[in-house]
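Presented below is the structure to which this report refers.
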Amino acid sequence: MSSIQQEIEKRRTFAIISHPDAGKTTLTEKFLLYGGAINTAGSVKGKASAKHAVSDWMEIEKERGISVTSSILQFHFDGYCINILDTPGHQDFSEDTYRTLMAADSAVMVIDGSKGVEAQTIKLFKVCAMRHIPIFTFINKMDREAKDTFELLEEIENVLGIKTCPVNWPIGSGKRFKGVYDRETKQVAVFKAVSTGGSSEAEETDLSIDDAKLKEEAGEELYQQLTEEVEILDVAGEELDSELVAKGEVSPVFFGSALTNFGIETFLHHFLKMTSSPLPRVSNEGVIDPVTGPFSGFIFKIQANMNKAHRDRIAFMRICSGKFEAGMEVYHVQGKRKQKLLQPQQVMAQSRSVIDEAYAGDVIGIFDPGTFSIGDTICEPGKKFQYEGIPTFAPEHFCRVVQADTMKRKQFVAGITQIAQEGAIQIFKDYNLDLSEIIVGVVGVLQFDVLKFRMENEYNCEVRLEPLPYSQMRWVRDNGFNLDNLRRSSEIKKAKDMRDNPLLLFQNEWNVRMCLENNEGLELEEVK
């Protein structure tokens with residue numbers, strides 16, 4: 001087996017998705033603790049006195065205690081090299097999550113045991129389903145009062161439309177939480193919370209299900225309940241079919257408590273055994289094999305000003321095939337030019353380390369001189385294939401952006417353009433190229449706050465956001481229809497996006513329907 005093949009087979013690249021507050025950031029940190037990537041877990045809440053979560057680095061995230069950008073974290077565990085793509089939990093940043101999921105091979109869905117499937121989980125899950133990627137479920141916070149276990153599984157199956165197969169099974173919850181039973185080994189990891197210098201940990205002791213000591217630990221009632229429930233599972237439960245897991249049709253389910261570290265190691269071992277190394281990806285020239293294919297990758301995220309000392313832009317690239325070496329010459333397909341990728345880095349939230357090599361499955365940061373766009377393909381010179389583009393979704397909220405100080409026009413244009421290139425916002429200009437008006441469209445309103453915050457803090461440019469009455473946007477399909485002849489009411493606005501694609505802004509769905517009825521031959525698109 002070649003060294004490249006060995007390295008690629010060790011890789012596992014997954015994204016973590018959840019509703020805000022389900023414990024995603026805590027789980028991420030505990031994974032990193034196991035991999036020795038960090039020494040102490042930070043605090044997940046955005047309090048000034050507490051440490052901030054390793055994966056939350058942007059100032060506004062620290063202030064609010066929420067993740068608004070995706071972080072990329074790498075660690076080694078049990079002979080594997082693991083890349084975690086941490087996604088924003090807040091629904092206003094679902095586009096960033098979608099792009100991140102394009103770079104992942106599987107997803108871990110974190111669910112709060114007391115709340116079950118929440119609105120945001122549904123939205124993010126649908127994105128995973130669109131890509132048919134394997135989904136592993138971690139039901140968290142079992143050391144707090146939780147819903148009935150069968151009820152939780154039923155909810156996942158009914159609401160998300162995916163079958164579930166519990167790999168382990170909880171004994172009680174909250175104050176009565178006694179541990180989890182592993183269905184494969186028939187062992188119970190007994191839960192005992194211990195306080196260690198202000199943080200809570202859990203001691204794990206493994207006992208066989210037939211051990212009299214387990215009966216003593218769990219108590220007669222819970223022990224009886226466990227044996228009955230295990231019997232029901234063995235008779236009526238889903239089989240753990242690895243093929244169905246790989247297709248994203250069955251989700252293996254695990255129970256635990258990320259805060260106390262309970263059930264995390266078990267989860268990691270099972271997860272690594274059940275997931276595959278990087279798989280072939282589809283390009284316009286057929287399927288590219290990760291091991292035998294030439295070096296290639298695609299840009300799925302661009303982030304400016306991650307480090308105030310450098311004021312630079314980093315493009316995040318998922319390597320899809322072959323081996324990357326620092327200093328190698330590559331071909332930027334969309335830019336139609338050869339170039340060297342400068343300052344290749346392994347990014348661990350805000351800290352970075354320069355790397356010499358990386359393999360298919362890895363995610364690396366490269367310096368972006370302003371030439372890269374989300375979805376661009378990078379490959380070896382002489383190869384010019386392209387990976388599938390990353391869709392852009394129509395925004396639902398719109399504002400006019402007005403700069404407070406007209407003398408800072410240059411900073412204003414640079415800032416707003418850079419933030420738009422990152423994909424956090426979309427900017428539109430008047431159809432007749434009147435550049436005095438810049439309209440910003442976002443999927444979630446919290447993105448407006450981030451835009452204002454970043455313009456003022458990173459670009460020293462005060463802006464005013466004036467809400468516009470539009471709630472729908474559609475791109476005009478290029479089929480020869482002349483927009484100059486468009487029959488429209490005054491509440492429909494013609495505009496263009498950054499790439500000069502024509503589009504229409506509507507106040508409501510009814511306007512969209514009427515516009516299509518009144519203009520024969522006009523075709524509109526919600527996704528570009």
_Per-residue SASA entry for HIS269, accessible area with 1.4 Å probe, Å² rounded to 10_ = 80
*Inter-label distance for HIS269 and MET328, nm, one decimal - labels placed 7 Å from Cα along Cα-to-Cβ*: 3.6
*Set Lys and Arg Cβ to +1 and Asp and Glu Cβ to -1, take the dipole of the chain about its Cα centre, and tell me which of TYR80, GLN345, ALA414 lies farthest positive.*
ALA414
*With a cut-off of 20 Å, note down the residues of the stretch 372-390 whose backbone N falls inside the zone around a label point 7 Å from the Cα of LYS338 toward its beta carbon.*
372, 377-386
_For the stretch 116-185, size of Cβ-based charge dipole, Lys and Arg +1, Asp and Glu -1, in debye_ = 200
*asked:* Quick check: pseudo-label points 7 Å beyond the Cα along Cα→Cβ at LYS192 and ARG409, how many nm apart are they?
replied: 7.3
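Determine, from the Cβ-Cβ distance of TRP510 and ARG131 and an R0 of 25 Å, the FRET efficiency 1/(1 + (r/R0)^6), rounded to the nearest 0.05.
0.15
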_Computed over the chain: relative contact order in percent, which uses C-alpha pairs under 8 Å that are six or more apart_ = 12
_How big is the dipole moment of the stretch 138-295 about its Cα centre under a simple scheme where the beta carbon of each Lys and Arg is +1, that of each Asp and Glu is -1, and everything else is neutral? Debye, nearest 20, please._
560
*What length, rounded to one decimal in nm, is gained on full extension from ASP430 through to THR185, with 0.36 nm per residue of separation minus their alpha-carbon distance?*
81.7 nm
*Heavy-atom accessible area per residue, the chain, 1.4 Å probe: how many Å²?*
43
*asked:* For a Förster distance of 45 Å, can you work out the FRET efficiency between the beta-carbons of ALA212 and HIS76, rounded to the nearest 0.05?
replied: 0.65
*Projected onto the charge dipole of the chain (+1 at Lys/Arg Cβ, -1 at Asp/Glu Cβ, origin at the Cα centre), which of TYR34, TYR459, ASN284 gives the Cα projection farthest towards the positive end?*
TYR459
*asked:* Test of the criteria: in the stretch 222-310, which GluC sites (Glu not before Pro) are in a DSSP loop and have at most 10 other Cβ atoms within 10 angstrom of their Cβ?
replied: GLU239, GLU285
*Nearest 10 degrees, 0 to 90: helix 119-131 Cα axis against the chain principal axis*: 80
*Check: the chain dipole with +1 on Lys, Arg Cβ and -1 on Asp, Glu Cβ, in debye*: 2240
*Where the accessible area of the stretch 244-304 is counted over protein heavy atoms with a 1.4 Å probe, how much of it, in %, is carbon and sulfur?*
57
*Given 0.36 nm per residue, what is the gain on full extension from GLN5 to GLU523 after removing their alpha carbon distance, in nm?*
181.8 nm
*Pick out, from ALA129, GLN403, LEU522, the residue whose Cα sits farthest towards the positive end of the charge dipole of the chain, with +1 on the Cβ of Lys and Arg and -1 on the Cβ of Asp and Glu.*
GLN403
*asked:* Under 29 Å between alpha carbons, and skipping anything fewer than 8 positions from LYS163 in its own chain: which lysines qualify?
replied: LYS10, LYS24, LYS30, LYS115, LYS123, LYS126, LYS141, LYS147, LYS178, LYS186, LYS247, LYS273
_Angle in degrees between helix 409-421 and the longest Cα principal axis of the chain, rounded to the nearest 10_ = 50
*FRET efficiency estimate (nearest 0.05) - Cβ-Cβ, ALA236 to SER471, R0 35 angstrom*: 0.15
*To the nearest 500 deg cm²/dmol, what mean residue ellipticity at 222 nm is calculated for the chain from DSSP H runs of n ≥ 4 alone, each contributing -39,500 (n - 2.57), summed and divided by the residues?*
-7500 deg cm²/dmol
*Taking the chain as the reference, fit the longest principal axis to its C-alpha atoms, fit the long axis of helix 446-458 to the helix C-alpha atoms, and give the angle between the two in degrees, 0 to 90, nearest 10.*
70
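The values are calculated or read from the model by the stated rules, or taken from the named source; none is laboratory data. Quick caveat, the model's predicted, so the values are computed rather than measured. Heads up, the Cβs are rebuilt from the backbone with ideal geometry, glycines too, and the neighbour counts pull from every protein chain shown. For the accessible areas, the whole protein counts, side chains as well, though only heavy atoms, and no ligand, DNA or RNA atoms are used. Shrake-Rupley method; radii C 1.70, N 1.55, O 1.52, S 1.80 Å.
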